[in-house]
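Take a look at the structure below.
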Amino acid sequence: MIHSLFMINGAGDVFMEKHWKSIINRSVCDYFFDAQRKASSPDDVPPVVTTPHHYLISIYRCQLYFVAVCTTEVPPLFVIEFLHRVVDTFEDYFTECTESLVKEHYVVVYELLDEMLDNGFPLATESNILKELIKPPNILRTIANTVTGRSNVSATLPTGQLSNIPWRRTGVKYTNNEAYFDVIEEVDAIIDKSGSTIFAEIQGYVDCCIKLSGMPDLTLSFINPRLFDDVSFHPCVRFKRWESERILSFVPPDGNFRLMSYHIGSQNMVEIGRAHV
């Protein structure tokens, strides 16, 4: 699957590289730099660059390029999603993902990448599981690890890894049980001078902050779910029930996560009712 990962800054310098199978020379990035020079902006760099012996699959986030190197054909979206998970994890651990923070926390970054990918295949990508495996860095822990020579990696296997719900750790307890849902929508529209809508579409997300004790089982329904043209769910969603009843049924992870993303095309541009739990 994924052999190597290169992190490249805006100046074109490879400031971090990670190899899982065999070591691939960073000169393979020259093909990526050629594509970068031909692009008018960083966002226009082709996400997939083909070389004689490798495939370079990349994303651009936080003013950094994340380039994955594959030696065989793989689903590009699968690799792109994994790269976004890597950036999301760095932001969760370090508040933001910048070159200076990655360099400052090299040890934690390498530990995270070792756990997130096993022999080139995604293994643990959920934040809850990773935080049980690798403690987020802080000043006291950094000083203690430097003095004692210990690492941030836990000696015990996360409890969630042993269940059929790996995205949620067991034994979660809160004094106040709370659940927050944020619906975020981006509207793209073309309107003529008379005020009539020529074209419009909506790209939406449902972000959650769940702080519930135990193992809660939630359902979320919509007044008119047929409006959704294309949807993408967090693994916790029971997809079969969505297909049959158009109801979101799920055991949520603990903390912040994106429950779903959706697209509404111009043919469905009608007033959307409010969702209810």
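The values are calculated or read from the model by the stated rules, or taken from the named source; none is laboratory data. A quick note: this is a predicted structure, and the numbers were derived from the prediction, not measured. With ideal geometry, Cβ positions are generated from the backbone for all residues, glycine too; neighbour counts draw on all protein chains shown. Note: accessible area is taken over every heavy atom of the protein model, side chains too, but ligands, DNA and RNA are not part of it. Shrake-Rupley method; radii C 1.70, N 1.55, O 1.52, S 1.80 Å.
Could you tell me which GluC sites (Glu not before Pro) in region 78-118 are loop residues by DSSP with no more than 12 other beta carbons within 10 angstrom of their beta carbon?
Glu96
Extension gain Thr72-Ser266, at 0.36 nm per residue separation less the Cα-Cα distance, in nm?
Result: 66.0 nm gained on full extension.
How far, in nm, would the chain grow between Ser40 and His53 when pulled straight, counting 0.36 nm per residue and subtracting the alpha carbon separation?
2.0 nm
What ranking do 129-136, 117-124 get when scored by the average of other Cβ atoms within 10 Å per residue, highest first?
129-136, 117-124
Just to verify a number: what accessible area does Thr98 come out at with the full protein assembly present, 1.4 Å probe, Å² rounded to tens?
40
Could you state the number of Å between the C-alpha centres of region 3-51 and region 93-129?
If you average the Cα positions of each part, the centres end up 19 Å apart.
Can you send over the carbon and sulfur percentage of the accessible area for region 1-121, probe radius 1.4 Å, protein chains only?
Answer for region 1-121: carbon and sulfur cover 51 percent of the accessible area.
If ligands, DNA and RNA are left out, what is the accessible area of Asp182 with a 1.4 Å probe, given in Å² to the nearest 10?
90
Using only the alpha carbon atoms of the chain, find the Kirkwood hydrodynamic radius as the inverse mean reciprocal pair distance, in angstroms to one decimal.
21.3
At 7 Å along the Cα-to-beta-carbon direction for both Cys209 and Thr197, put a label point, then send me their distance in nm to one decimal.
3.0
Find the cysteines in the chain that fail to meet the 4.7 Å Cβ criterion with every other cysteine, and list them.
Cys29, Cys70, Cys208, Cys209, Cys236
Report the semi-axes of the equivalent ellipsoid for region 199-240 in whole Å, largest first, where each axis is √(5λ) for an eigenvalue λ of the Cα gyration tensor.
Result for region 199-240: semi-axes of 25, 12, 10 Å.
For a quick check of your reading of the filter: which trypsin sites (Lys or Arg not before Pro) in region 184-270 sit in a DSSP loop and have no more than 10 other Cβ atoms within 10 Å?
Lys193
Given a Förster distance of 51 angstrom, what is the FRET efficiency for Asp118 paired with Asn224, based on the Cβ-Cβ distance and rounded to 0.05?
According to the calculation, E is roughly 0.75.
I'd like the FRET efficiency for Asn176 and Arg61, computed as 1/(1 + (r/R0)^6) with the beta carbon distance as r and R0 of 30 Å, rounded to 0.05.
0.30
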